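The values are calculated or read from the model by the stated rules, or taken from the named source; none is laboratory data. Treat the numbers as computed from the prediction; the structure is a model and nothing was measured. Using ideal geometry, Cβ is built from the backbone for each residue, glycine included, and neighbour counts are taken over all protein chains shown.
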Ligand SMILES: Nc1nc2c(c(=O)[nH]1)N[C@H]1C(S)=C(S)[C@@H](COP(=O)(O)OP(=O)(O)OC[C@H]3O[C@@H](n4cnc5c(=O)[nH]c(N)nc54)[C@H](O)[C@@H]3O)O[C@H]1N2
Ligand SMILES: Nc1nc2c(c(=O)[nH]1)N[C@H]1C(S)=C(S)[C@@H](COP(=O)(O)OP(=O)(O)OC[C@H]3O[C@@H](n4cnc5c(=O)[nH]c(N)nc54)[C@H](O)[C@@H]3O)O[C@H]1N2
Ligand SMILES: [Mo]
């Protein structure tokens, strides 16, 4: 098994300090931090050049979150947030990781560094290879690098022995070309970050409303009577959403937030774009905060449903015309056991009644959610319960109302639309076959968790990643490390160094790629790429900076190059042409994916275009029966043994997933370190622990493996009794691979049962 050191490096936590959490988000400090970080990484010229183009009509799409841009007429000149600026700085940094860097640092040396340090070394500049047994990466030409991959793939007994992961930053063009290559090769092994993210949302929505995407536009949010924010920390992870919430509030909307933590961004927003936000006391956002226990949401939504039924606060017309399964749901929630609800949610019947009253009084409610709902064993059931509430009130396909899973990565939704999916629908494969003239594989491929098992069991021996940091994004870090190390070859197509470049297969390749900020010139001339945001708006993105190195290739060029090298003369698709001119890829997308008619022209329009969404557009439900489905889910409860806590693994304010920008979780008052565990005062007393104690966190999962992270500082924090919080990815070693959501197989990163033990050698 790997030691803590190889999995995390040796962080210096001596600067750790803890103060009171903040009661508001953004404000001038956010602008100051954004500018400081940008200037430090990029210098003044690049800072000016990049930030003015961020999220502008002729500029590039922010690579941070998937929150949509206001329509072109309503965009600010500075349409970005603190964390967007940090994301740009991280990519457009002037620091470089060159062949000399790899000559100087062996892989074993690099393993001792933290991920924060690795990321700070800068942009990868050359294709690099690590041969079997070597401890150093060395440069390799593009041709030779591509040939190494091709030879490994050609030698496989079956294409299903290779796994092709995608992170959520790949453009539509890169993603479409990638899945086309993988399917021409003959497998559907296309796991992606979505498997660990909003897969539960997709599964729940497809089952109930027939399409796995949210049903609202920004305008709906502005026009809502009520906005429910469940399991989401927008102040940190979708900061531009706060401006939209502020607009909605000013138009009279009310907000219910459902979260075990009182996140600063849920409480109050100091909008740096206006005087009130800078000088005044900002805008109070939340009207009712429900400090739910971890994983209490299913019980909460069922109880709210019970009250709506009891009060007959239902849209009978919508229910009768557009839905089925209502009676079964009604009878199910009517029998809800209030005592259990109160126990599981940690909320009083009064609080729940207040929330239900606000929902009953609202003519148009938008339900937003993110990882706080999706990463639990019962995540799919919980999200279906949100859908039940929306259906009961007719809150779908009406202005100001709808379902809004708030996506993570900037193009994760687009990647799925492009066919990055281990379980592709038959219609998609039929269209691919018709367009390209080969028969794609029909059997399902591996998702993320299944890929790890397949590598562990020797069923998969080549791992290719189009972006991301699989080792640290996936659960059960030690097992994932073992899985990757059992392969013959790992290939990372990436912009920056991370731990997945260090824990590798016998041969390891780094194929360095362009980022969104950079110019992309191909044989046919300058290219642009396209992306789809969380609200199904597709638009163009154009980088302007000179590439970080002349040796970089675009993701499309790398993917089409891999296809040419691997499929050779047998290739049916004209890979050379697709790699030279992305408009040819878009022409293919137009013919394969519904909703992309006239793609080239419509995406060139200011602000792009919106993809069709039948429930949103016409209350049409493509569920097979033509109706939206109410569902009745058993109220499953997480059993927590005495002396244990439920731990959620979440993001600090100073990271993007596994990329640690810095050590300042400003809003939570935690500075200078990341190895902390936030625990309620009463639990600390019961366990005989005090703030500042050093503990090991040990997962409780019965398969004989010791899952433990060491030397975490206890922080007394306002989290419900029996629950705790710590940062991802440092606590991923605790998330058991075998613990995943029913129906979506998403790792249960927000409900890990743990106990705290005094750290070895601690006071
Ligand atoms: N700056 C920045 N932006 C990002 C990211 C980033 O890392 N940094 N990541 C991007 C990605 S890929 C994603 S998916 C999103 C993630 O966005 P979020 O989902 O906001 O991210 P998390 O930090 O995982 O926060 C989960 C929130 O849910 C709450 N929560 C946890 N468990 C429960 C529960 O059982 N019930 C309820 N009601 N709430 C719960 C937590 O207290 C926390 O506030 O952000 C995207 N944007
Ligand atoms: N315990 C726990 N685990 C989690 C989560 C959690 O909340 N808790 N959240 C899950 C979620 S929601 C997600 S989405 C996953 C995230 O999983 P991933 O998407 O795999 O991880 P990231 O950290 O976003 O990937 C960062 C790396 O992507 C590369 N990169 C950056 N930009 C580009 C680019 O433009 N092109 C290419 N090719 N590469 C690029 C860089 O090398 C960088 O190091 O993690 C999941 N894991
Ligand atoms: Mo995500």
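Just for the range 455-470: of the residues that are more than 16 Å from ligand 3 (Cβ to nearest atom) and crowded, with 24+ Cβ neighbours inside 10 Å, which one is farthest from residue 736 (Cα to Cα)?
For the range 455-470, the residue satisfying everything is 464.
So residue 34 clears everything in (1) touching a residue at least 24 places away in the same chain (Cβ under 8 Å); (2) closer than 30 Å to residue 511 by Cβ except one condition, right? Which one?
For residue 34, the exception is condition (2).
Out of 148, 163, report the one residue that is within 15 Å of ligand 2 (Cβ to nearest atom), in contact (Cβ under 8 Å) with a residue 12 or more places away in the chain and over 16 Å from residue 65 (Cβ atoms).
Working: 148 fails: within 15 Å of ligand 2 (Cβ to nearest atom).
Among 148, 163, only 163 is within 15 Å of ligand 2 (Cβ to nearest atom), in contact (Cβ under 8 Å) with a residue 12 or more places away in the chain and over 16 Å from residue 65 (Cβ atoms).
Among the listed residues 227, 255, which satisfies the condition of being without any contact (Cβ under 8 Å) to a residue 60 or more places away in the chain, more than 21 Å from the chain's Cα centre (by Cα) and closer than 29 Å to residue 646 by Cα?
Sole residue among the options that is without any contact (Cβ under 8 Å) to a residue 60 or more places away in the chain, more than 21 Å from the chain's Cα centre (by Cα) and closer than 29 Å to residue 646 by Cα: 255.
Mind checking which residues of the range 412-450 are touching a helix residue (DSSP H, G or I) at 6+ places or on another chain (Cβ under 7 Å) and in a loop (DSSP other than H, G, I, E, B)?
Across the range 412-450, the qualifying residues are 418, 419, 420, 438, 439, 440, 441, 442, 446, 447.
What number goes with the only condition from (1) surrounded by fewer than 22 Cβ atoms within 10 Å (Cβ to Cβ); (2) within 16 Å of ligand 2 (Cβ to nearest atom); (3) not assigned by TED's automatic domain parsing to the domain that holds residue 498 that residue 122 does not pass?
With (1) surrounded by fewer than 22 Cβ atoms within 10 Å (Cβ to Cβ); (2) within 16 Å of ligand 2 (Cβ to nearest atom); (3) not assigned by TED's automatic domain parsing to the domain that holds residue 498 applied to residue 122, the lone miss is (3).
Of all residues in the range 404-452 being farther than 18 Å from residue 375 by Cα and within 16 Å of ligand 1 (Cβ to nearest atom), which is surrounded by the fewest Cβ atoms within 10 Å (Cβ to Cβ)?
Only one residue tops the list, namely 416.
Check 312, 317 and return the single one that is at positive phi and surrounded by fewer than 19 Cβ atoms within 10 Å (Cβ to Cβ).
Matching residue, one of 312, 317: 312.
Which of the helices (runs of 4 or more DSSP H) found entirely inside the range 209-275 contain at least 3 residues meeting this: surrounded by fewer than 22 Cβ atoms within 10 Å (Cβ to Cβ)?
Because the criterion is at least 3 residues that are surrounded by fewer than 22 Cβ atoms within 10 Å (Cβ to Cβ), the helices (runs of 4 or more DSSP H) in the range 209-275 that meet it are 218-223, 240-250.
Which numbered condition in (1) out of contact with any helix residue (DSSP H, G or I) (no Cβ under 6 Å at 6 or more places or on another chain); (2) surrounded by fewer than 24 Cβ atoms within 10 Å (Cβ to Cβ); (3) assigned to a helix (DSSP H, G or I) is the only one that residue 205 fails?
Going through (1) out of contact with any helix residue (DSSP H, G or I) (no Cβ under 6 Å at 6 or more places or on another chain); (2) surrounded by fewer than 24 Cβ atoms within 10 Å (Cβ to Cβ); (3) assigned to a helix (DSSP H, G or I) one by one, residue 205 breaks only (2).
Can you name the residue in the range 667-682 that is surrounded by fewer than 21 Cβ atoms within 10 Å (Cβ to Cβ) and either within 10 Å of ligand 1 (Cβ to nearest atom) or outside any loop (DSSP other than H, G, I, E, B) (or both) and, of all such residues, is farthest from the chain's Cα centre (by Cα)?
Top of the filtered list is 682.
Out of all the residues in the range 705-714, is one or more under 30 Å from residue 384 (Cα atoms) and touching a strand residue (DSSP E or B) at 6+ places or on another chain (Cβ under 7 Å)?
no
With respect to residue 156, is the statement that it is in the same structural domain as residue 472 (by TED's automatic domain parsing), away from ligand 2 (no atom under 13 Å from the Cβ) and surrounded by fewer than 23 Cβ atoms within 10 Å (Cβ to Cβ) true?
On the way: in the same structural domain as residue 472 (by TED's automatic domain parsing): yes; away from ligand 2 (no atom under 13 Å from the Cβ): yes; surrounded by fewer than 23 Cβ atoms within 10 Å (Cβ to Cβ): yes.
Yes; evaluated as a whole, the condition is true for this residue.
Please count how many residues of the range 95-115 are within 18 Å of residue 41 (Cα to Cα) and at pLDDT 95 or above.
The total comes to 4.
Looking for something within 16 Å of ligand 3 (Cβ to nearest atom) and either modelled with pLDDT of 95 or more or farther than 30 Å from residue 467 by Cβ (or both) - is there at least one such residue anywhere in the range 383-398?
yes
Out of all the residues in the range 193-213, which are within 16 Å of ligand 2 (Cβ to nearest atom) and within 14 Å of residue 614 (Cα to Cα)?
Scanning the range 193-213 gives a single hit, 212.
Any chance the range 20-29 includes a residue that's surrounded by 13 or more Cβ atoms within 10 Å (Cβ to Cβ) and closer than 24 Å to residue 120 by Cβ?
yes
Any idea how many residues of the range 138-191 are assigned to a strand (DSSP E or B) and more than 16 Å from ligand 3 (Cβ to nearest atom)? Lay out the reasoning, then the answer.
Quick first cut of the range 138-191, residues assigned to a strand (DSSP E or B) only: 138-139, 162-166.
Checking which are more than 16 Å from ligand 3 (Cβ to nearest atom) leaves us with 138-139, 162-164.
Here the count works out to 5.
Considering only the range 276-286, I want to know if a residue exists there that is in a loop (DSSP other than H, G, I, E, B), under 22 Å from residue 399 (Cα atoms) and either assigned by TED's automatic domain parsing to the domain that holds residue 650 or within 16 Å of ligand 1 (Cβ to nearest atom) (or both).
Checked against the condition, which is being in a loop (DSSP other than H, G, I, E, B), under 22 Å from residue 399 (Cα atoms) and either assigned by TED's automatic domain parsing to the domain that holds residue 650 or within 16 Å of ligand 1 (Cβ to nearest atom) (or both), the range 276-286 yields at least one hit.
Take the residues of the range 79-112 that are in a loop (DSSP other than H, G, I, E, B) and touching a strand residue (DSSP E or B) at 6+ places or on another chain (Cβ under 8 Å): which is farthest from ligand 1 (Cβ to nearest atom)?
Going through the qualifying residues, I end up with 95.
Does residue 624 satisfy the condition of being away from ligand 2 (no atom under 16 Å from the Cβ) and either touching a strand residue (DSSP E or B) at 6+ places or on another chain (Cβ under 8 Å) or at pLDDT 95 or above (or both)? Can you show your working first?
Values: away from ligand 2 (no atom under 16 Å from the Cβ): yes; either touching a strand residue (DSSP E or B) at 6+ places or on another chain (Cβ under 8 Å) or at pLDDT 95 or above (or both): no.
So residue 624 does not fit the description; no.
Does the range 746-754 contain at least one residue that is within 20 Å of residue 641 (Cβ to Cβ), over 18 Å from the mean Cα position of the chain (by Cα) and either away from ligand 1 (no atom under 16 Å from the Cβ) or at pLDDT below 95 (or both)?
no
Can you tell me which residue among 513, 480, 507, 490 is more than 16 Å from ligand 1 (Cβ to nearest atom) and surrounded by fewer than 24 Cβ atoms within 10 Å (Cβ to Cβ)? Full working, then the answer.
On the way: 513 fails: surrounded by fewer than 24 Cβ atoms within 10 Å (Cβ to Cβ); 480 fails: surrounded by fewer than 24 Cβ atoms within 10 Å (Cβ to Cβ); 490 fails: surrounded by fewer than 24 Cβ atoms within 10 Å (Cβ to Cβ).
Of 513, 480, 507, 490, the one residue that is more than 16 Å from ligand 1 (Cβ to nearest atom) and surrounded by fewer than 24 Cβ atoms within 10 Å (Cβ to Cβ) is 507.
Modelled with pLDDT under 95 and out of contact with any helix residue (DSSP H, G or I) (no Cβ under 9 Å at 6 or more places or on another chain): is that true of residue 550 in this structure?
Judged against the criteria, residue 550 is not a match.
Just a yes or no: is a residue in the range 535-545 at pLDDT 95 or above and within 16 Å of ligand 1 (Cβ to nearest atom)?
yes
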